[in-house]
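The block underneath contains the structure these notes are about, expressed in structure tokens.
The values are calculated or read from the model by the stated rules, or taken from the named source; none is laboratory data. Bear in mind that the values here come from a model prediction, so they are computed numbers and not experimental data. A quick note on method: Cβ atoms are made from the backbone with ideal geometry, for glycine too, and the neighbour counts reach across all protein chains shown. What goes into the accessible areas is simple: the full protein's heavy atoms, side chains included, and nothing from ligands, DNA or RNA. Shrake-Rupley method; radii C 1.70, N 1.55, O 1.52, S 1.80 Å.
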Amino acid sequence: MSRLLPLLETLSLTHPEVFIQELASNLRAVIATHGAYRPENIPAAAQPSRKPETTQNNSVPFRKKQKFQTEANDSQTRPHSSPLDSNSPSNTNVRQPASSGGSTAGTSPKDKGRTSGTSNLCPPTKPFSDWLLEACDPDVPTRAVALRVLTQMMQKRDPEAVQAQEKVLVLFLENLEHEDSFVYLSAIQGLAALADSYPERILERLLKDFQHGPSLPTSKKEHSLETRLKVGEVLMRASRAMGELAPHLGRPLLGVFLQGTRDPDQSVRASSLSNLGELCQRLDYALGALAQELSSCLTALIKTEKEAEVRRAAVHVITLLLRGLSDKTTQVLSDVLLDLYRALKWVVRSDPDDVAVLHAQLALEELDDVMKRFIFPEQKLEKKIVVLP
């Protein structure tokens, strides 16, 4: 924990809240003295509450305040308990500091949601309508926790959530444009769960947003590019979750990703290629009809693209393609395999970007393994029993 000392020192000097500065300074002293010095305000701030509050506001009844203060005082008198013990099952919940007026608040779901993942969420005890309202709450932890609970409900096929599927979809799409990563990552996870459960309806909407930007009336133009990239992340997660349904559900995605490789913005081109690689390695024989078009697209990008990031992504698509097809490569890509090989050799010889060259060398190694298995198949010793007439 000595690595935290410079970070805590920086936090104690630069954080805008005085309480956080004091807490960081005291934690630094505790770590530096190996626990010999332990200020009184650390247990009061770090001891988690036993039962999180379910009220939506920050007010706590007077009896619960006394209970929380009593628990904090008890934690100071325990000789072997430490509020910063990493083995504590609830060490991620941080109690709110005392305000300037002297009042103390217990841990609420807002504070719990900032650090807890989906697996740590309690089973939803509120009505479904309350979770919908909290997903629009201006408070970031409250909103993120509500989004993750809605995701769980969609994954478990909750009847109310299934019936309000369109409302949940709009909520997730709106939260994609949120600035806080905790919120928009929760929205991405929720959209991926929706696309996995109801692929035909959800993927069509996501593909339109990826092609033309967000379709919501509240969307801002300056957030359009960022939102498209987030939708691309959702589509990539959906591609990974398709499994055996990829040949059936992946054809529309393949066309949209190929169109995305001609987008004016380099980030969209790189995102489209990344999604293309994830999808192609799961299409198997269904890729055969589009192999020529895919090969022409990748070869042209490798030789003519000016942005190194896009060239790297194009070469990486070939790597993922060879890795996904494996022994089927010679059958599915029989017409374009030589063109892909020449494109990879061209990158190794002529591309000025070292990362692109590394990706090409990895792709050539994959191709080398494939051809070795094709030319020199593994010898198997088998016993045959023949019944003579």
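What do you get for GluC sites (Glu not before Pro) in the stretch 1-33 restricted to DSSP loop and a cutoff of at most 10 other Cβ within 10 Å of the site's Cβ?
Working: sites: Glu9, Glu17, Glu22; in loops: Glu17.
Filter output for the stretch 1-33: Glu17.
For the stretch 219-291, which trypsin sites (Lys or Arg not before Pro) are in a loop by DSSP, counting at most 13 other Cβ atoms within 10 Å? For trypsin sites (Lys or Arg not before Pro) across the stretch 219-291 that sit outside H, G, I, E and B with at most 13 neighbouring Cβ atoms in 10 Å, the list reads Lys220, Arg262.
Using the structure shown, select from Lys167/Lys230; Lys156/Lys208; Lys306/Lys328; Lys230/Lys345; Lys230/Lys328 the pairs with a Cα to Cα distance greater than 22 angstrom. Listed pairs above 22 Å: Lys156/Lys208; Lys306/Lys328; Lys230/Lys345; Lys230/Lys328.
At a 1.4 Å probe radius, carbon and sulfur cover how many percent of the accessible area of the stretch 153-284? So the carbon and sulfur contribution to the accessible surface is 48 percent.
Excluding ligands, DNA and RNA, the accessible surface per residue across the stretch 306-371 is 49 Å² with a 1.4 Å probe.
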